[in-house]
Amino acid sequence: MDIKKSVDKLDIKSFQDDLIGWFASEQRDLPWRKDQDPYKVWVSEIMLQQTRVDTVIPYFNRFLENFPTIEALAHADEEKVLKAWEGLGYYSRVRNLQSAVREVHEKYGGKVPDSPEGISSLKGVGPYTAGAILSIAYGKPEPAVDGNVMRVLSRILLIWDDIAKPSSRKIFEAAVRELISQENPSYFNQALMELGALICTPTSPSCLLCPVREHCQAFEEGAQNELPVKTKKKKQKSILLAAGIFKDSEGRILIRKRPESGLLANLWEFPTVELSLDFQRQRDQLSDHFEESYGVRPKIDESLGEIGHVFSHLIWNIHVFAGQFAGEIDESPQLKLVNQHEIQEYAFPVPYQKMLKQYLEFTKAD
């Protein structure tokens, strides 16, 4: 799509003034807006990917308490970093963040690069994150196009391109380059995001409260509820699992570390097996898996119930068991026997956090 015609219909200066004026008076009080520290902006933007603002706030505050500077995060133990991220999901984000921060510490003397080339070369920093840091922290007129921005601009400029297609991002980046305030790109980009979060929402946008309604071509044509165009994702795959919390004769719980790559890499879990179609034999399959993996056959108690967890591309249905085993299991960096106090030091994905909570409630009831 050639956006020039749509952009030419706008009074750009008036649009900028209305948008930035609204943001200046109505912006939410968020901890990463206290200053324009590039490190804080960077951490917040990584956390906010695919995660709601209300969820991120306590994580952001806690993360900055633990790792207040680039140097602190660069030197931090990965286990502690993953623990601080525990529950936010998409753990590759924080591993990439720490890897990139180490590069900034070693290669740039701890200063986040302020050029598009420098910042885009860092691991895990895509076009949106690069644009957000450059505009918000450094005041550079670079586009920061996320889903909120594409939704807002699809309505303002009446863009009918499918925002689910990667190629559409270039159209919206070109639009932002035409519209962005050269004097205050920080507020301009944040205002577009804020407008999408609070007013120009995916369904039932609050057009009567919108500060740029008179500039909106979709509102003028009554098409605001038809935009943006977005094709649906493929259906998620469902997987059946059985997992168990197993104690040895000393009451220690067996945990294992997931592989270094793939889903939930380097996080800890309880022994888990994917169930075959004959999932009525859950306990037997889990018991067989335990014996094959660790050389001892456990005694498995009754089921503690089921836990469901939805990933972006998968749905896990976990049948949860508790059990005991006799005999020795050799510990290693990937396999630990821990008591209930020690287990708090290890980072577990959300489904296994739920599982541990369920188990502790069950044993307390006993």
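Throughout, read-outs are computed from the coordinates displayed, never taken from laboratory work. What you are looking at is a predicted structure, and each value in this text was computed from that prediction instead of being measured. Neighbour counts are summed over all protein chains in view; Cβ atoms, including those assigned to glycine, are modelled from backbone coordinates with ideal geometry.
Quick notes
- For the range 237-365: rounded, prolate or oblate by the Cα gyration tensor [a/c cutoff 1.5]: rounded
- Exposed loop sites, defined as trypsin sites (Lys or Arg not before Pro) outside DSSP H, G, I, E and B with at most 14 other Cβ atoms within 10 Å, are absent from the longest region of the chain, namely 236-366.
- Modelled label reach - A164, point 7 Å along Cα→Cβ, the range 194-229 residues with backbone N closer than 19 Å: 202-204, 225-229
- Among S99, L198, I318 the positive-end extreme of the charge dipole of the chain (Cβ point charges): L198
- Fluctuation leader among A322, A24, A74 - the chain, Gaussian network, Cα springs under 10 angstrom: A24
- Remark: the chain carries a charge dipole of roughly 600 debye about the Cα centre, counting +1 on each Lys and Arg Cβ and -1 on each Asp and Glu Cβ.
- Charge dipole (debye, nearest 20) of the range 175-304; +1 at Cβ of Lys and Arg, -1 at Cβ of Asp and Glu: 300
- P(r) for the chain, from all Cα pairs and a bin width of 20 Å, is 25, 45, 26, 4 %, short bins first.
- Computed over the range 4-221, Kirkwood Rh from alpha-carbon pairs, angstrom: 18.1
- DSSP assigns beta bridges within the chain; of those with both partners inside it, close to 65 percent run antiparallel.
- Distance between modelled label sites at E183 and R281, nm, 7 Å Cα→Cβ extension: 7.5
- Spatial offset of the range 77-137 relative to the range 14-63 amounts to 17 Å, using the alpha carbon center of each.
- Counting 0.36 nm for each residue step from A326 to I57 and taking away their Cα separation leaves a gain of 92.4 nm.
- Contour minus Cα-Cα distance for K123 and Q36 (0.36 nm per residue): 29.2 nm
- Ellipsoid semi-axes in whole angstrom, largest first, where each is sqrt(5λ) of the Cα gyration tensor of the range 1-124: 32, 19, 14
- GluC sites (Glu not before Pro) lying in DSSP loop within the range 157-235, provided at most 14 other Cβ fall within 10 Å: E183, E226
- Among the GluC sites (Glu not before Pro) in the range 227-275, those located in a DSSP loop and surrounded by at most 12 other Cβ atoms within 10 Å of their own Cβ are E250, E260.
- Positive-end extreme of charge dipole, the chain - chosen from A72, W22, Q334 (charges on Cβ): W22
- Cα centroid of the range 305-333 to Cα centroid of the range 212-247, whole Å: 30
- In terms of other Cβ atoms within 10 Å, C216, C200 run from fewest to most in the order C216, C200.
- Between T201 and R256, the modelled labels are 4.5 nm apart [label points 7 Å from Cα along Cα→Cβ].
- Dipole-positive endmost among A175, Q344, V56 within the chain (Cβ charges, Cα centre): A175
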